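Report on one structure; see the data block that follows.
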Amino acid sequence: MSGNLGIIGAHGRLGRRVAEADTPDVVIDASNRSCVERVAAYCAGSGAALLEAISGLGADERRLLAEASERVPVLVAANLSQGHYLQTLALAAALRPVAGGREWSVLVSDRHPTTKRDRPSATCLELARRCEEEGAVNVELSSRREGPPVSEHSIQLGGAGESVTITHSVTDLIASATGALAAASWLKDAAPGIWTMRDVWEADRHPGRAATEMTLTSGKPHQ
C-alpha cells in the first residue's frame, strides 16, 4: 500500500497490530535526541526512508544516521522551510563580493520562544557555517529565547557606517510542515545516502544531482 493510512483506535490491540504490519515509505522524526537510535534502527531494518528533523544532534546521533544511510535514504534537516533555503541563497549572493574582506563583520542570530531548548539553534549554526564557507572571517553568534512563536533567523553584515541584514521570520509551523511533506514526497524515491533540504528544493533544477556530501560525525549540523 502506498500513501497515508489512518487508523481509528490505533492504541487498541488490533490497531497496534495493524500499525505494526504497515511499513511506511518515509518516517519523519520530529521527536528528540533520545529517539534517534530507535528510529534509525527501525528505518534501516524496514527499508523506510528517514527525514530527521530534530534539533541539537550530537556526534553519536550523527554516526547512527550515517550508518542507517548506507541502507536507506536519510535527509537531515536543520530547517525544513523553503524560506530558509531562499535565505541561504541571498546570503551567498551578499557575501561573495566581499569574501575574505575583514572590513565586514557577520552576526548570525536566532530568536525562539522560551520553550526552545537548543541554543544556538541548528539553523543558526548552519547559517554560520555557510558564512564561513563563503569566506566570512569575522562571524559571531547570538541567541535569544523570548517573544512569540515561531522563530527568526538573521544575518547582519556590518561595514564602516552601514549594515545589511537578511532575515527569515516564521510565524506559523505550517511553513515547516509544508517543507516536511515536500521532503517526504521526494525522499521516498531517493537512493540510500545522506541528503539535505537543498536537494529537495533544487530537485527540479538538478533532477540527476548526486547526494550532497555531509559530514555527520562532527559536532556541528551540516546541511
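The values are calculated or read from the model by the stated rules, or taken from the named source; none is laboratory data. All values derive from a computational prediction rather than experimental measurement. Because the Cβ atoms are built from the backbone with ideal geometry, glycine has one as well, and the counts that use them run over all protein chains shown. Calculation scope for accessible area: heavy atoms of the full protein, side chains included, ligands and nucleic acids excluded. Shrake-Rupley method; radii C 1.70, N 1.55, O 1.52, S 1.80 Å.
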Discussion item. Whole-Hz ³J(HN,Hα) for each residue in the stretch 173-180, computed from phi via Karplus 6.51 cos²θ - 1.76 cosθ + 1.60 with θ = phi - 60°, x for glycine and proline: what do you get?
Written reply: 5, 4, 4, 6, 4, 4, x, 5
Worksheet entry | Candidates 26, 200, 98: whichever shows maximal mean-square fluctuation once the chain is modelled as a Gaussian network with Cα springs under 10 Å | 98
Worksheet item: Over the chain, what lengths in whole Å, largest first, do the semi-axes of the equivalent ellipsoid take, defined as the square roots of 5 times the eigenvalues of the alpha-carbon gyration tensor?
Response: 34, 19, 16
Fill in: Electrostatic dipole magnitude of the chain [Cβ: Lys, Arg +1; Asp, Glu -1; Cα centre; debye, to 20]
440 debye
Item to complete: Go through 186-197, 129-140 and give me the packing order, highest mean Cβ count within 10 Å leading.
Response: 186-197, 129-140
Worksheet item: At a 1.4 Å probe radius, carbon and sulfur cover how many percent of the accessible area of the chain?
Response: 50 percent
Worksheet item: Over the chain, what is the percentage of antiparallel beta bridges among all DSSP beta bridges, to the nearest 5?
Response: 50 percent
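Could you sort the peptides 57-66, 30-39 by per-residue average Cβ neighbour count (10 Å cutoff), highest mean leading? Could the numbers behind the result be given before it?
Numbers: 57-66: 17.8, 30-39: 14.5.
The packing order, highest mean first, is 57-66, 30-39.
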Discussion item. Going by average Cβ density within 10 Å per residue, which order do the peptides 72-84, 167-179 take, highest to lowest?
Written reply: 72-84, 167-179
Worksheet item: Can you list residues whose amide H is under 5 Å from residue 143's amide H, if they're 5+ apart or on another chain and H is modeled 1.01 Å from N?
Response: 110
Worksheet item: Using alpha carbon centroids, what distance separates the stretch 97-149 and the stretch 43-80, in Å?
Response: 24 Å
Practice prompt. Would you kindly derive the ³J(HN,Hα) couplings of the stretch 111-125 from the backbone phi angles with the Karplus curve 6.51 cos²θ - 1.76 cosθ + 1.60 (θ = phi - 60°), listing them in order in whole Hz, with x for Gly and Pro?
Written response: 10, 9, x, 5, 6, 6, 8, 5, 8, x, 6, 4, 5, 4, 5
Response to the item:
Sequence order, the stretch 36-49: Karplus ³J(HN,Hα) from phi using 6.51 cos²θ - 1.76 cosθ + 1.60, θ = phi - 60°, Hz rounded, Gly and Pro as x, gives 4, 4, 5, 5, 4, 5, 4, 5, 4, x, 8, x, 6, 5
